[in-house]
1. Would you pick out the residues in region 50-77 that are among the hydrophobic types (A, V, I, L, M, F, W, C) and surrounded by fewer than 11 Cβ atoms within 10 Å (Cβ to Cβ)?
2. Within region 102-119, how many residues are in a loop (DSSP other than H, G, I, E, B) and within 12 Å of M46 (Cβ to Cβ)?
3. Just to be sure I understand, how many residues within region 78-88 are loosely packed, with under 14 Cβ neighbours inside 10 Å and closer than 18 Å to G107 by Cβ?
4. In region 89-110, what count of residues is obtained for those that are touching a Lys or Arg at 6+ places or on another chain (Cβ under 6 Å) and surrounded by 20 or more Cβ atoms within 10 Å (Cβ to Cβ)?
5. Condition check: under 13 Å from the mean Cα position of the chain (by Cα), surrounded by fewer than 14 Cβ atoms within 10 Å (Cβ to Cβ) and not aliphatic (A, V, I, L, M). Does K4 satisfy that?
6. For region 58-90, how many residues are touching a Phe, Trp or Tyr at 6+ places or on another chain (Cβ under 8 Å) and touching a residue at least 40 places away in the same chain (Cβ under 8 Å)?
Amino acid sequence: MTLKVYEYEKCSTCRKALKFLEAAGVAFERVPIVERPPKRAELKAMLAFQGGDVRRLFNTSGQVYRELGLGAKLAAMSAPEALALLEKNGKLVKRPFALGKGFGLVGFREDEWRRALGL
């Protein structure tokens, strides 16, 4: 499986992550997160990699998150309800959202990405 990186081109963190991958010579598939949000199976896989904490999959600093008042609502939501929201709106998904063989990363912390990629 190729590393699949869901990203938003206007996101500086995404640009940093992609630049890191390119500099490290890591092959990856770039997916525009707004136009093609992660599918339910990918969200479930990422949820497992994030220890089952659905909040870690959300872009909690994003405008859509605030507009929907999810800060107050998320704790009462079931995982399937939360995943359904993420699947429908890529702007709600924390990015970059990267799935590889045996790992899943959300956000960009270089040391974490180095470890996951074996660099």
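Read-outs: derived from the displayed coordinates by stated rules, not from any lab. Computed from a predicted structure; not experimentally measured. Please note: Cβ atoms are built from the backbone with ideal geometry, for glycine as well, and neighbour counts cover all protein chains shown.
1. Initially, region 50-77 is screened for residues among the hydrophobic types (A, V, I, L, M, F, W, C), giving 54, 57-58, 64, 68, 70, 72, 74-77.
Selection gives A72, A75, A76.
2. We begin by selecting, within region 102-119, every residue in a loop (DSSP other than H, G, I, E, B); these are 102, 107-109, 118-119.
Next cut, within 12 Å of M46 (Cβ to Cβ) only: 107.
Selection size over region 102-119: 1.
3. Adding up the residues that qualify gives 0.
4. Residues of region 89-110 that are touching a Lys or Arg at 6+ places or on another chain (Cβ under 6 Å), as a first pass: 99, 106-108.
Filter once more, keeping what is surrounded by 20 or more Cβ atoms within 10 Å (Cβ to Cβ): 99, 106, 108.
Number of matching residues: 3.
5. Values: under 13 Å from the mean Cα position of the chain (by Cα): yes; surrounded by fewer than 14 Cβ atoms within 10 Å (Cβ to Cβ): no; not aliphatic (A, V, I, L, M): yes.
Considered against the rule, which asks whether it is under 13 Å from the mean Cα position of the chain (by Cα), surrounded by fewer than 14 Cβ atoms within 10 Å (Cβ to Cβ) and not aliphatic (A, V, I, L, M), K4 comes out as no.
6. Of region 58-90, the ones touching a Phe, Trp or Tyr at 6+ places or on another chain (Cβ under 8 Å) are 58-59, 65, 70-71, 74, 82, 86, 90.
Add one more test, that the residue is touching a residue at least 40 places away in the same chain (Cβ under 8 Å), and what stays is 86, 90.
Of the residues in that region, 2 qualify.
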